[in-house]
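Derivation of every value follows stated rules applied to the coordinates shown; laboratory data play no part. Note that the structure is a prediction, hence the values are computed from the model and not measured. Neighbour counts run over all protein chains shown; Cβ positions are idealised from the backbone, glycine included.
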Amino acid sequence: MNDKKLLEVKDLHVSFFTPVGEVKAVGGISYDLGYNEVMGIVGESGSGKSVEAYSIIGLLQSPGKVTGGEVLFEGRNVLEFSNKEMQAFRGNEISMIFQNPMTCLNPVYTVGDQLIEAVCCHESIGKDEAKRRALEMLTMVGINNVEQRFNQYPHELSGGMRQRVMIAMGLICHPKLLIADEPTTALDVTIQAQILELMKDLQQKTQMSIVFITHNLGVVAEICDRVSVMYAGRIVEQGKVDDIFYNPHHPYTMGLLRSMPNIEETRHEKLIPIDGTPVDMLNPPAGCPFGPRCEFCMNICLRENPPLIQVSEGHRASCWLYVEQAQIACERGEEIE
Amino acid sequence: MSDNPNNNNLIEIINLKKYFPIKTGFIKKSNVQAVEDVSFTIRKGETLGLVGESGCGKTTLGRTIIRLHQPTSGQIFYGGTDITHVNMMPYRRKMQIIFQDPSASLNPRMTVGEIVGEALEIHKLCNSKKDYTDRIHSLLSQVGLNTEHANRFPHEFSGGQQQRIGIARAISVEPEFIVCDEPISALDVSIQSQIVNMLEEMQSTLGLTYLFIAHDISVVRHISNRIGVMYLGNMVELAESFELSRHALHPYTQTLLSAVPVPDPKLSRNRKRIVLEGDIPSPLNPPTGCRFHTRCPYAMPICSELIPEFKEVEKDHFVACHLMDK
């Protein structure tokens, strides 16, 4: 893989300061992303996957606050950007598409106006040139009758069409990194298939990197090169997509994969669910957040949070089960048993 | 299909239609054809899955069967009796529903005990106060909640637990038939399988019959004995669930199956996918003939003229498509 990294997230902490206490939404995650690479971030609702993305692009809103760590984009720390630098950075070099395209498009402006606004904010070009770019972009995302669509309002378009407009808007300034926050969750399966095909196609054409946030493992298998599995604000497992799906190491990943119905099943097999309920982020358990639900839970799991252990090349899991194998913390060997 | 009372059909639907009138202009009115001429049967003790995209009428169909909506025309038979126009009170004890959004379907001002016990009072199923609390406690433990949860309010629970409350409410009157209207789509992946397993266990212990509505065909295939596929108010295919997934005959079912992302990277890389053009047409003004012809990759001239008949092409495999006549 390419040594030069586009994005490096180092030990990022994000907290929400609510009246009932501090919620550590993201508790120290690290990952990197190369050029022309698609990284999937999977997790349940409340696992911190969106919050993490919002911090990268500087859209985190109060009471949310980054409390530690670094986000390096081509070596520059994004978290230290001034407002002006952030404005130049956002849209030009990094861009985001959201889950619900209806609430993210402005209902009182036409699709065309919004696209032109996006270009004119970042580049000093004339209106005509901007319009040409917008039309070209709409064609690229597979919209027919672009001239007519250009003058329509978001409510006149279907859900899939709106998501295409969102993608066009995100890509109009040719960003190097696109953050896609559950872009297909609100869509029907046949439309989801269309959008996924489009995103794969555009990724190959433009060579941009994508951080693809989703809770759907099927979507991950389809579009991602690498995957980070998040649970309760931490990355519990990270690796190439094949490693995660065919050789999962963290009990949570294993549980998730096992709990899904097998598409190849020819007779009825019982599903194996993950027991228990998701973590209450206001009172997270001590030690490993997955400990209380884990079938392999040991004493140490309830006391200390496990480090991220390399289990094979480019494949890491945060679990005490592998600490011994990795021959780290040998002296703790007896304690683990 | 006939209404022969000695077969083991619990529910029989004949030519059911449900239109919703809406205003489209100052005086002009038109109908949303949510369910258009659907006929099928549900057998005693089985799970019939219903899949389709949003707006295809699957929820309306489910609600019309238990007469939460009055059908525009057609007949509904329950255990051989026509219930299309009768007083539903005695049948409400036999037919229940679990709703999609657990937080919206529980009254926020009632405690869990009151929610679960309300139907017991309405149907006068308890003789004494003690019997009433005992019943509530046993219902809660049946769905995996603690007895002390009876005094709490719905907002104190997580989504999965709220759905369990909804299930406890549905089974409180000891029904024979439950419409499960997307009971798991609002839940997290790790919780979905818990609820699916619980529904399956309850089915075997209580002898329930389910109509399981969902848009996720992989879950429906897992839980159902038979699956019906709906498109724009029509049922286009109905077959035994593994038969349907291996040997789908209707082009729409084939697309739907191929559109589902599979959690298997190698398989999804090598898979050929049928991607449909365009969006689902409006049910206000549906296409003529076969409603799928505007998006169908195999559309023929006849498809836009004649409505295909929903007929049995193989044993227990019903399809509505002109391709079957060739």
**Message:** Please compute the average number of Cβ atoms from other chains found within 10 Å of each residue's Cβ in peptide B:251-262.
**Reply:** 4
**Asked** Which value results when the Cα radius of gyration for segment B:220-259 is divided by 2.2 N^0.38 Å?
**Response** 1.04
**Prompt:** Per Stokes-Einstein, at 25 °C and 0.890 mPa s, what whole-number D in µm² s⁻¹ belongs to segment B:45-188, with the Kirkwood radius over Cα pairs as the hydrodynamic radius?
**Reply:** 151
**Prompt:** How would you classify segment B:222-326 from its alpha-carbon gyration tensor, with a ≥ b ≥ c the square roots of the eigenvalues: rounded for a/c under 1.5, else prolate if a/b is greater than b/c, otherwise oblate?
**Reply:** oblate
**Message:** At q = 0.08, 0.17, 0.18, 0.21 Å⁻¹, what log₁₀ I(q)/I(0) does segment A:101-253 have when each alpha carbon counts as one equal point scatterer in the Debye sum?
**Reply:** -0.27, -0.99, -1.07, -1.33
**Asked** Any idea what the alpha-carbon Rg over 2.2 N^0.38 Å comes to for segment B:77-127?
**Response** 1.41
**√(5λ) per eigenvalue of the Cα gyration tensor, segment B:117-266, largest first, Å** = 35, 18, 12
**Message:** Below 12 angstrom from the Cβ of A:GLY112, what's the summed charge of the other residues (Lys, Arg +1; Asp, Glu -1)?
**Reply:** +2
**Request:** With runs of 4+ DSSP H residues as the only contributors, calculate the mean residue ellipticity of the protein assembly as shown at 222 nm using -39,500 (n - 2.57) per run, divided by the residue total and rounded to the nearest 500.
**Result:** -8500 deg cm²/dmol
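With a 10 Å Cβ neighbour count serving as the proxy for reagent exposure, in which order, fewest first, do B:PHE153, A:PHE212 appear? Walk me through the numbers on the way to the answer.
On the way: B:PHE153 15, A:PHE212 27.
Lowest to highest Cβ neighbour count: B:PHE153, A:PHE212.
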**Message:** If you consider only alpha-carbon coordinates, what radius of gyration and Dmax does the protein assembly as shown have, in Å?
**Reply:** 26.6, 83
**Request:** Quick one, could you list the DSSP H helices from chain A stretching 24 Å or more along their long axis (Cα atoms) with average Kyte-Doolittle hydropathy of -0.5 or above?
**Result:** A:189-206
**segment A:51-129 shape via C-alpha gyration tensor axes, a/c threshold 1.5** = oblate
**Item:** Computed label-point distance, nm, for sites A:GLU74 and B:GLN70 using a 7 Å Cα→Cβ extension
**Value:** 6.7
**Prompt:** Counting every Cα pair in chain A, what percent are over 37 Å apart?
**Reply:** 22
**Request:** Take the Cα of B:VAL86, step 7 Å along the line toward its Cβ, and report every residue of segment B:95-136 whose backbone nitrogen sits under 19 Å from that point.
**Result:** B:95-97, B:123-124
**Complete:** For A:VAL9, A:VAL229, ascending order of other Cβ atoms within 10 Å (fewest first) is A:VAL9, A:VAL229
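Antiparallel versus total DSSP beta bridges in the protein assembly as shown: what percent is that, nearest 5? Mind showing how you got there, number by number?
Details: 62 of 98 bridges.
That works out to approximately 65 percent antiparallel.
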**Request:** List the longest stretch of chain B that has no exposed loop site; here a site is one of the chymotrypsin sites (Phe, Trp or Tyr not before Pro) assigned by DSSP to anything other than H, G, I, E or B, with at most 14 other Cβ within 10 Å.
**Result:** B:27-297
**Fill in**
Reduced to Cα centres, the span from segment A:133-181 to segment B:176-212 in Å works out to 39
**Message:** Report, to one decimal in Å, the Kirkwood hydrodynamic radius for chain B based on all distinct Cα pairs.
**Reply:** 21.1
**Asked** Sorted by packing (mean other beta-carbon atoms within 10 Å per residue), highest first, where do A:195-202, B:300-307 land?
**Response** A:195-202, B:300-307
**Request:** For segment A:47-179, count the residues as N, evaluate 2.2 N^0.38 Å, and divide the Cα radius of gyration by that value, please.
**Result:** 1.12
**Item:** Within segment A:258-325, trypsin sites (Lys or Arg not before Pro) in DSSP loop having at most 10 other beta-carbon neighbours inside 10 Å
**Value:** A:ARG267
**Fill in**
Amide H neighbours of A:ARG303 at under 5 Å, excluding residues fewer than 5 places away on the same chain, with H built from the backbone geometry, are A:CYS288
**Item:** Between segment B:52-122 and segment B:250-308, the Cα center-to-center distance that results, in Å
**Value:** 31
**Message:** Give the separation of the Cα centroids, segment A:38-72 to segment A:216-263, in Å.
**Reply:** 19
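What share of the DSSP beta bridges in chain A is antiparallel, in percent to the nearest 5? Let's see the in-between values first.
Numbers: 33 of 52 bridges.
Around 65 percent antiparallel, to the nearest 5.
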**Asked** Averaged over peptide B:29-39, how many Cβ atoms belonging to another chain are found within 10 Å of each residue's Cβ?
**Response** 0
**Item:** Residue mean of other protein chain beta carbons inside 10 Å, B:236-242
**Value:** 1
**Message:** How would segment A:1-85 be classified by its alpha-carbon gyration tensor: rounded, prolate or oblate, with rounded meaning a/c under 1.5 and the a/b versus b/c comparison settling the rest?
**Reply:** oblate
**Request:** Put one equal scatterer on each alpha carbon of segment A:183-258, apply the Debye formula with no solvent term, and list log10 I(q)/I(0) at q = 0.14, 0.17 1/Å to two decimals.
**Result:** -0.49, -0.71
**Message:** Quick test of the membrane-span-like rule: which DSSP H helices of chain B reach at least 30 Å along their long axis (C-alpha atoms) with mean Kyte hydropathy at least 1.6?
**Reply:** none
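What is the sum of charges around B:GLN33, taking Lys and Arg as +1, Asp and Glu as -1, for the other residues whose C-beta is under 11 Å from the C-beta of B:GLN33?
Computed value for this residue: +1.
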